Amino acid sequence: MEAYTSILLFLQVIAMLGTHVLFATLGGILCEKAGNLNLGLEGLMLLGASFSFYVALNFGNPWLALAAGCLASLAGSLIYAFLTISLRTNQVVTGLALTIFGTGVSSMLGKTMAGVSLPAQITATFGARSLPLLSKIPLLGPVLFQQSPFVPAAVATAILIYLFYTRTNIGLNTRIIGENPGAADASGINVTRYKYFNVLAGGLLCGVGGVYLSCVYAGIWQNELTAGAGWIAVAMVIFSIWNPLRAIAGAYLFGAVRGIGFKFQGGIPFLGMKLMVNAQILDMLPYITTILVLLFINLRKKKEYNPPASLGNSYFREDR
Amino acid sequence: MTADSYADKQAYVRMEGICKAFGVVQANRNVGLEVCQGEIHAILGENGSGKSTLMNMLTGIYTPDAGRIWVGGQNVQFASPKDAIDHGVGMVHQHFKLVDVLTVKENIIAGSSANFILKNKNISREIRETCSRFGLDVGLNLDKKIYQLSVGEKQRVEIIKMLFRGAKVLILDEPTAVLTPQETAELFTILKRMRQQNCAIIIITHKLHEVMEISDRVTILRRGEYIATVDTAATNAQALTEMMVGRAIDMDIRRQPAQLSAEPVMEVKGLRALGQHGVESLKGVDFTIYGGEILGVAGIAGSGQKEICEIIAGLAKASSGSVVFQGEEILGLSPIDILRKGISMSFVPEDRLGMGLVAGMDIISNVMLRSFQKKKGLFLDRAFGKKKAEDIVKRFEVSTPSVRHVLKKLSGGNIQKVLLGREVDLEPALLITAYPVRGLDIGASYHVYHVLNQQKEAGVAVLFIGEDLDVLLQICDRLMVIHDGQVMDILDPAKVTKEDVGLLMLGHKGESPAAADSKQEEVPSV
Ligand SMILES: Nc1ncnc2c1ncn2[C@@H]1O[C@H](COP(=O)(O)OP(=O)(O)O)[C@@H](O)[C@H]1O
Ligand SMILES: [Mg+2]
């Protein structure tokens with residue numbers, strides 16, 4: 001029984017630690033499915049995190065904070081969308097610029113917020129709570145539904161996106177754009193409109209991830225709060241082979257490695273002794289895992305595992 | 001139907017005074033076109049004469065600089081392909097617009113504003129209903145992925161897709177360039193059925209016998225300009241060619257007797273190779289080629305042509321066997337070493353952008369890609385490359401505004417000329433050329449044959465992998481027939497008929513010519 005409880009506890013921690021990465025990974029998938037490589041995920045998360053935290057501190061209203069985070073990341077992705085889709089700039093460069101921009105803005109905004117804790121209303125609304133009925137489900141209940149509502153929301157979003165791509169007409173159209181925008185266009189699909197929609201929706205999800213990170217998980221502001229989670233998400237998009245359901249696995253794997261790192265901060269019990277491990281090495285674990293995972297992903301060769309064929313290309317109808 | 005009856009009929013599609021320029025290239029200048037319902041209308045013109053451009057304007061992909069378009073009596077201005085689809089205009093493009101990793105079904109319903117939720121069963125039924133309305137057999141598993149299909153099947157998907165979208169005008173851009181004769185025959189049956197259903201069909205093809213066989217009328221373009229529209233029944237191949245090229249062209253392939261070199265240039269022995277999925281693609285290929293001859297290779301597509309080419313050029317691995325070039329084993333050498341020894345290859349794959357070309361670079365760079373290795377030193381000699389490129393452009397009559405033009409902006413035929421030109425320019429001892437006239441217009445094709453003959457007369461060993469049996473029989477000194485990764489026989493073209501070759505290609509060995517006669521109808525070409 002005790003083992004079960006401690007496993008439950010660990011799973012809860014995993015879900016908690018993986019949720020912001022899950023949101024950002026889903027955001028990345030949305031962009032990339034429509035053929036837009038977005039390296040600005042990190043910047044978008046930081047925009048969402050900082051603006052929501054700022055509003056939370058100054059207005060104390062959780063919904064206003066959420067809205068501010070979403071709007072900030074939407075604005076960021078609108079810039080990116082306009083540049084890459086309408087002006088057909090290079091997606092890699094534009095995405096990197098977006099990250100630099102988001103990081104800078106969040107640092108500037110964060111100057112006044114360092115070290116201040118969130119008002120109680122925020123934690124009351126966004127903090128852990130047991131959802132009726134759902135929290136009674138064995139295993140799943142405690143892991144997902146006795147947490148911040150953001151945690152189950154991320155999983156639900158993943159499932160919805162999956163259904164969107166596999167079961168709906170517009171999901172199919174989106175996939176066609178990512179694979180071959182020329183074919184989509186010739187079939188009468190409005191490439192520009194779909195791309196905008198996907199990039200903006202993806203940006204929004206990154207923003208929500210950021211809001212979760214600052215207003216729920218951390219609860220306190222710190223410069224560059226994401227600590228590279230946006231970059232991890234870029235890798236997780238590949239790990240998930242653009243499948244939102246696998247993104248859950250990817251993000252939670254990240255959570256698990258982080259969790260292990262935290263657990264062994266006080267040393268690893270070994271033959272009755274405690275092996276002390278350098279904290280920096282433990283902090284590196286998630287990133288090292290990501291690199292290893294990407295290496296293994298590259299070993300799989302199957303057509304369906306390839307990125308959307310037109311990923312990273314701008315589309316102009318009259319081009320050859 | 002006669003010319004009069006078309007003049008009387010109301011044209012369903014009408015284009016008038018169409019102009020379109022891409023930068024300095026005037027692709028269409030004041031072009032007109034009229035097509036009626038229940039008509040198959042062929043468009044004929046050399047490579048780069050603006051046929052695809054004209055059709056792309058009819059489907060809303062390009063916007064005309066000037067001119068007017070009517071469809072079904074209505075003056076239209078298409079802002080996007082969607083507008084064209086809404087007016088019942090559908091096009092099967094030269095390069096298929098399909099998504100490889102999606103299923104046939106998904107590709108067909110792409111963009112059709114069906115229900116929000118995909119209903120798999122209903123969709124399959126609707127697709128089958130559409131097809132049966134046109135008396136067309138789907139003949140495909142709708143749940144197969146596109147990358148599992150043959151070229152002919154992919155094309156069928158494109159056609160079904162257009163019918164599914166309710167196309168009343170169907171445009172096909174060089175649909176037969178990559179089809180086998182059987183697939184072409186099937187396509188024509190479909191087109192004839194659609195004609196019965198009162199569709200207006202526009203077909204672009206370079207093969208004159210196809211124009212004569214399938215079309216009711218022909219419109220000829222030359223260098224972006226409208227030349228004439230004639231009734232197919234009232235014209236012939238010679239007249240069409242003259243209108244197209246603007247002068248009479250020599251459609252004769254002269255074969256000089258081969259002056260064989262004393263020593264063989266290359267000897268291939270017992271060549272075996274594994275193809276995809278671990279199936280043996282070459283099952284022991286033996287042949288010898290001498291300088292000063294053209295050795296033709298005939299075979300059904302996928303019989304091992306590609307593997308032979310790639311192994312000799314060092315791009316693929318053989319599992320066993322030997323390739324001795326000028327007395328030296330070359331199996332296992334790197335492509336660059338093989339190139340240095342004097343083997344050139346120009347391979348034109350099905351998607352037509354020749355192997356070994358970089359689409360986004362200009363002609364100079366593409367030419368230098370092969371020849372820069374002959375030069376020493378750290379820096380590129382662009383002046384040298386420019387001179388070579390200009391040379392090739394002139395010798396091969398590549399139509400391009402300049403040698404600085406990006407390759408992918410040229411029309412397909414001109415890209416192929418650059419490829420062949422570059423390889424010939426290296427003055428190889430062995431020239432391998434596969435499908436060099438794929439999609440080329442007549443003038444250009446004969447130009448290529450002429451070049452191959454010149455090479456042979458200059459003592460080069462030419463290995464020519466071809467598609468058209470008539471041509472192979474005319475140009476080759478010896479003809480090797482392959483089937484399923486094996487050499488069936490090496491024939492003297494003067495002593496065999498097309499039918500003999502066809503039977504060998506199908507794997508019927510040692511059957512008498514009498515047997516050949518009775519099986520004539522199943523004789524294939526490549
Ligand atoms: N999208 C494009 N961009 C630049 N040049 C083009 C484009 N499309 C066609 N061209 C040029 O216009 C001319 C006509 O090409 P095209 O219509 O493809 O010829 P055809 O189909 O008759 O072989 C060619 O010189 C080609 O290089
Ligand atoms: Mg064309």
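The values are calculated or read from the model by the stated rules, or taken from the named source; none is laboratory data. Quantities reported herein were computed from a predicted structural model and do not represent experimental measurements. Please note: Cβ atoms are built from the backbone with ideal geometry, for glycine as well, and neighbour counts cover all protein chains shown.
The table below lists the values:
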quantity: Counted residues, region B:115-158 - those being surrounded by 13 or more Cβ atoms within 10 Å (Cβ to Cβ), β-branched (Val, Ile, Thr) and within 14 Å of chain A (Cβ to nearest Cβ); calculated: 3
quantity: Candidates A:Ser130, A:Ser135 - the one that is assigned to a helix (DSSP H, G or I) and out of contact with any Ser or Thr (no Cβ under 6 Å at 6 or more places or on another chain); calculated: A:Ser135
quantity: Region B:62-76, residues that are under 18 Å from B:Gln26 (Cβ atoms), surrounded by 14 or more Cβ atoms within 10 Å (Cβ to Cβ) and more than 12 Å from chain A (Cβ to nearest Cβ); calculated: B:Gly67
quantity: Single residue of region B:159-177 satisfying the filter (away from chain A (no Cβ under 12 Å) and under 27 Å from B:Ile300 (Cβ atoms)) that is farthest from ligand 1 (Cβ to nearest atom); calculated: B:Ile160
quantity: Odd one out for B:Thr59 among (1) touching a Phe, Trp or Tyr at 6+ places or on another chain (Cβ under 7 Å); (2) within 16 Å of ligand 1 (Cβ to nearest atom); (3) facing chain A (nearest Cβ under 10 Å); calculated: (1)
quantity: Residues satisfying the stated conditions in region B:238-253, i.e. charged (D, E, K, R) and under 17 Å from B:Asp468 (Cβ atoms); calculated: B:Asp252
quantity: Single condition A:Thr99 does not satisfy, out of (1) hydroxyl-bearing (Ser, Thr, Tyr); (2) out of contact with any Gly (no Cβ under 6 Å at 6 or more places or on another chain); (3) in a helix (DSSP H, G or I); calculated: (2)
quantity: Search result, residues across region B:202-260 that are within 16 Å of ligand 1 (Cβ to nearest atom) and assigned to a loop (DSSP other than H, G, I, E, B); calculated: B:Thr205, B:His206, B:Lys207, B:Arg223, B:Gly224, B:Gly246
quantity: Of all residues making up region A:125-159, the number that are in contact (Cβ under 8 Å) with a residue 24 or more places away in the chain and either exposed (fewer than 14 other Cβ atoms within 10 Å of the Cβ) or in contact with a Cys (Cβ under 8 Å, 6 or more places away or on another chain) (or both); calculated: 3
quantity: Search result, residues across region B:14-54 that are buried (at least 22 other Cβ atoms within 10 Å of the Cβ), more than 10 Å from ligand 1 (Cβ to nearest atom) and either among the small types (Gly, Ala, Ser) or on the phi > 0 side of the Ramachandran plot (or both); calculated: B:Ala42
quantity: Residue, nearest to ligand 2 (Cβ to nearest atom), within region B:146-178, restricted to residues that are part of a helix (DSSP H, G or I) and polar (S, T, N, Q); calculated: B:Gln155
quantity: Residue list for region B:65-120, filter: in contact with a strand residue (DSSP E or B) (Cβ under 7 Å, 6 or more places away or on another chain) and free of Cβ contacts under 8 Å to residues at least 12 places away in the same chain; calculated: B:Asn75, B:Val76, B:Phe116, B:Ile117, B:Leu118
quantity: Residue in region B:309-333 that is surrounded by the fewest Cβ atoms within 10 Å (Cβ to Cβ), counting only those that are without any contact (Cβ under 8 Å) to a residue 40 or more places away in the chain and over 24 Å from B:Val418 (Cβ atoms); calculated: B:Glu328
quantity: Pairs where the first residue, in region B:192-213, is farther than 20 Å from B:Leu136 by Cβ and the second is surrounded by fewer than 18 Cβ atoms within 10 Å (Cβ to Cβ), C-beta under 7 Å, 6+ apart; calculated: B:Leu208/B:Ala237; B:Met212/B:Ala237
quantity: Selection from region B:390-400 of residues that are modelled with pLDDT of 90 or more and either closer than 25 Å to B:Met266 by Cβ or not basic (Lys, Arg) (or both); calculated: B:Glu390, B:Asp391, B:Ile392, B:Val393
quantity: Residue within region B:393-405 that is in a helix (DSSP H, G or I) and away from ligand 1 (no atom under 16 Å from the Cβ) present; calculated: yes
quantity: Selection status of A:Leu83, assigned to a helix (DSSP H, G or I), more than 21 Å from the chain's Cα centre (by Cα) and surrounded by 16 or more Cβ atoms within 10 Å (Cβ to Cβ); calculated: yes
quantity: Count - residues of region B:43-72 that are within 17 Å of the chain's Cα centre (by Cα) and more than 10 Å from ligand 2 (Cβ to nearest atom); calculated: 2
quantity: Residue in region A:176-193 that is surrounded by fewer than 24 Cβ atoms within 10 Å (Cβ to Cβ), hydroxyl-bearing (Ser, Thr, Tyr) and more than 14 Å from chain B (Cβ to nearest Cβ) present; calculated: no
quantity: Search result, residues across region B:169-183 that are surrounded by fewer than 21 Cβ atoms within 10 Å (Cβ to Cβ) and either at pLDDT 85 or above or under 26 Å from B:Arg125 (Cβ atoms) (or both); calculated: B:Asp173
quantity: Positions within region B:47-67 being part of a helix (DSSP H, G or I) and not small (Gly, Ala, Ser), in sequence order; calculated: B:Lys51, B:Thr53, B:Leu54, B:Met55, B:Asn56, B:Met57, B:Leu58
quantity: Residues (polar (S, T, N, Q) and either touching a helix residue (DSSP H, G or I) at 6+ places or on another chain (Cβ under 6 Å) or more than 16 Å from ligand 2 (Cβ to nearest atom) (or both)) located in region B:423-468; calculated: B:Thr433, B:Asn453, B:Gln454, B:Gln455
quantity: Any hit, region B:30-51, residues being within 14 Å of another protein chain (Cβ to nearest Cβ), under 15 Å from A:Ala186 (Cβ atoms) and in contact (Cβ under 8 Å) with a residue 40 or more places away in the chain; calculated: no
quantity: Residue among A:Thr226, A:Thr166 that alone is touching an Asp or Glu at 6+ places or on another chain (Cβ under 7 Å) and at pLDDT below 95; calculated: A:Thr226
quantity: Any pair with Cβ under 6 angstrom, 6 or more apart, that starts in region A:1-25 at a residue that is farther than 22 Å from A:Ile238 by Cα and ends at one that is surrounded by fewer than 21 Cβ atoms within 10 Å (Cβ to Cβ); calculated: A:Leu8/A:Pro142
quantity: Failed item in (1) in contact with a helix residue (DSSP H, G or I) (Cβ under 7 Å, 6 or more places away or on another chain); (2) within 16 Å of ligand 2 (Cβ to nearest atom); (3) farther than 16 Å from B:Asp173 by Cα, with B:Gly38 passing the rest; calculated: (2)
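Residues are listed down the side, and each one gets a yes or a no for (1) under 25 Å from B:Pro175 (Cβ atoms); (2) surrounded by 20 or more Cβ atoms within 10 Å (Cβ to Cβ):
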{"site": "B:Arg223", "(1), (2)": "yes, no"}
{"site": "B:Asp231", "(1), (2)": "yes, no"}
{"site": "B:Gln238", "(1), (2)": "yes, no"}
{"site": "B:Ala248", "(1), (2)": "no, no"}
{"site": "B:Glu263", "(1), (2)": "no, no"}
{"site": "B:Glu267", "(1), (2)": "no, no"}
{"site": "B:Gly292", "(1), (2)": "no, yes"}
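Results for (1) over 25 Å from B:Leu179 (Cβ atoms); (2) modelled with pLDDT under 95; (3) within 14 Å of chain A (Cβ to nearest Cβ); (4) within 16 Å of ligand 2 (Cβ to nearest atom), shown as yes or no for each residue.
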site: B:Glu210; (1), (2), (3), (4): no, yes, no, yes
site: B:Asp216; (1), (2), (3), (4): no, no, no, no
site: B:Arg222; (1), (2), (3), (4): yes, yes, no, yes
site: B:Thr229; (1), (2), (3), (4): yes, no, no, no
